[in-house]
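Below is one structure, written out as structure tokens; comments come after it.
The values are calculated or read from the model by the stated rules, or taken from the named source; none is laboratory data. Owing to the predicted nature of the structure, the values given are computational and were not obtained by experimental measurement. Note: ideal-geometry Cβ built from the backbone for every residue, glycine included; neighbour counts use all protein chains shown.
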Amino acid sequence: MGAPYEFVAKGRDFNVPDLPWIDDLIQFKGAVAPHGPWESPAPRGTGTDDTRYSWNFVDLACSLGRPPSAIDLAKRLLFCWRHPKSVFPSYPHLTREQFSMWEGVCHGILGETSPSFPGIAPSILASRSIGLNYPTIAGMLVLPFMGFFYAGNPEAAYVAAYETAFFDVGYAREATALLAAAQSLAVIGCEPDHVIEQLLNLNPLSLGGFFGKPYVIASLPELLLQAKSFSGIGLAEFLSKKMSHYSVYDPFRAIAIALSVSRAHFDDPWLALQVAVNQWELDRNGNPIRFADIDCYASITGSLLGAFCGSCSLPDNHIEKVSSSNRNIYNIDLRITAKRFIDLVLELSSN
């Protein structure tokens with residue numbers, strides 16, 4: 001939904017003076033890139049790296065028959081880099097480029113040296129992020145459904161996600177863990193207000209430090225309280241303004257958007273996704289200049305909305321467009337993938 005528009009500036013590529021309100025899936029006509037769609041033009045609903053990461057996580061979990069560990073995930077990400085033709089046969093070059101960002105840190109966590117960083121000890125490689133070395137949203141994209149395995153147990157979901165997100169640095173790891181904890185409550189029927197209340201009292205690893213609480217938990221309450229007064233376009237504008245001083249890749253920004261819009265539009269997940277995807281970068285006067293990393297915000301929000309509402313709450317025609325486009329472009333069947341994952345989650349919960 002966000003791929004055709006992400007980072008598009010005001011008045012560019014669209015014959016309108018202002019940034020449009022995105023309310024539908026449209027055809028992608030941009031440049032092919034490792035982290036975007038891999039065909040252009042691409043049909044409505046074609047996924048970016050976020051969709052491919054989501055599929056990768058589910059496929060890994062189903063092949064293991066359990067939640068992936070940090071070692072499992074590192075091995076899988078390296079496999080995609082080493083054997084790209086085995087993952088997406090039609091796009092081996094782009095596959096390798098997408099997963100090359102994981103190569104150094106994954107070798108490090110496995111205790112191996114890296115061909116891309118000769119002479120660097122594995123312990124040093126393991127201490128770095130995916131190459132950006134500041135908190136990013138990578139963990140929430142690569143571990144999108146970890147909380148589904150821990151229904152009703154947010155502490156366990158938090159710990160599992162935190163331990164598995166070995167590549168996250170700073171408060172990115174906390175945000176990844178909180179997303180999993182939120183999912184663990186949402187899948188048992190808790191409504192957003194209750195989930196948020198639980199999250200704000202959650203700190204199972206006793207993180208924080210001399211100066212106070214973990215960053216995300218300390219910063220969320222005031223923002224979520226203010227966001228409660230807004231909905232629809234007003235909420236999109238509020239979040240864009242409040243987050244304007246954060247990087248577009250910031251994990252606090254992404255988790256705050258996901259929680260805010262899920263609460264505001266719990267009864268209308270399609271509108272919730274619209275608010276998540278209509279996020280802008282602003283100039284110093286507070287005027288929109290371009291869209292932010294909106295496909296990622298929508299992907300992360302969607303993983304939480306799925307726990308709250310299920311996919312059947314989305315319009316059938318949009319589900320069909322997304323399913324068919326990704327099947328045709330990437331040869332991945334998201335319906336079958338989702339069913340495999342649901343069956344695994346139910347099987348593990350019954351045991």
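The residues listed here are SER303, SER349, SER324; of these, the one that is buried (at least 16 other Cβ atoms within 10 Å of the Cβ), over 17 Å from ASP50 (Cβ atoms) and of a type in the set (Ser, Thr, Tyr) is SER324.
None of ALA264, ALA292, ALA236 is closer than 20 Å to GLY139 by Cα and small (Gly, Ala, Ser) except ALA292.
Take PHE149 and decide whether it is under 30 Å from LEU305 (Cβ atoms), touching a residue at least 24 places away in the same chain (Cβ under 8 Å), assigned to a loop (DSSP other than H, G, I, E, B) and of a type outside the set (Gly, Ala, Ser). No. Residues in segment 223-245 that are closer than 14 Å to ILE255 by Cα and not small (Gly, Ala, Ser): 5 in all.
Matching residues to (1) surrounded by fewer than 20 Cβ atoms within 10 Å (Cβ to Cβ); (2) touching a residue at least 40 places away in the same chain (Cβ under 8 Å):
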| position | (1), (2) |
| --- | --- |
| ASN153 | yes, no |
| ALA172 | no, yes |
| GLU191 | yes, yes |
| PHE211 | yes, no |
| ALA227 | no, no |
| ILE233 | yes, yes |
| PHE238 | yes, no |
| PRO251 | no, yes |
| ALA258 | no, yes |
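Candidates are the residues of segment 126-137 that are farther than 14 Å from SER100 by Cβ and among the aliphatic types (A, V, I, L, M); the one that is modelled with the highest pLDDT is ILE137. All of SER63, SER86, SER54 fail the test of being outside any loop (DSSP other than H, G, I, E, B), touching a residue at least 60 places away in the same chain (Cβ under 8 Å) and of a type in the set (S, T, N, Q), apart from SER54. GLY108 meets each of the listed conditions (1) in contact (Cβ under 8 Å) with a residue 24 or more places away in the chain; (2) under 22 Å from TYR249 (Cβ atoms); (3) assigned to a helix (DSSP H, G or I); (4) not hydrophobic (A, V, I, L, M, F, W, C) apart from (1). The residues of segment 27-69 that are at pLDDT 95 or above, over 19 Å from the mean Cα position of the chain (by Cα) and polar (S, T, N, Q), listed by number, are SER40, SER63.
If you go through segment 260-288 and keep only what is outside any helix (DSSP H, G or I), touching a residue at least 24 places away in the same chain (Cβ under 8 Å) and polar (S, T, N, Q), you end up with ASN278, GLN279.
When segment 193-227 is filtered for residues that are of a type outside the set (Phe, Trp, Tyr), part of a loop (DSSP other than H, G, I, E, B) and over 19 Å from GLY147 (Cβ atoms), the ones remaining, listed by number, are SER206, GLY208, LYS213. Restricting attention to segment 289-300, the residues being surrounded by 20 or more Cβ atoms within 10 Å (Cβ to Cβ) and either among the hydroxyl-bearing types (Ser, Thr, Tyr) or not in a helix (DSSP H, G or I) (or both) number 5. The residues on offer are SER206, SER219, SER184, and the sole one that is among the hydroxyl-bearing types (Ser, Thr, Tyr) and free of Cβ contacts under 8 Å to residues at least 12 places away in the same chain is SER206.
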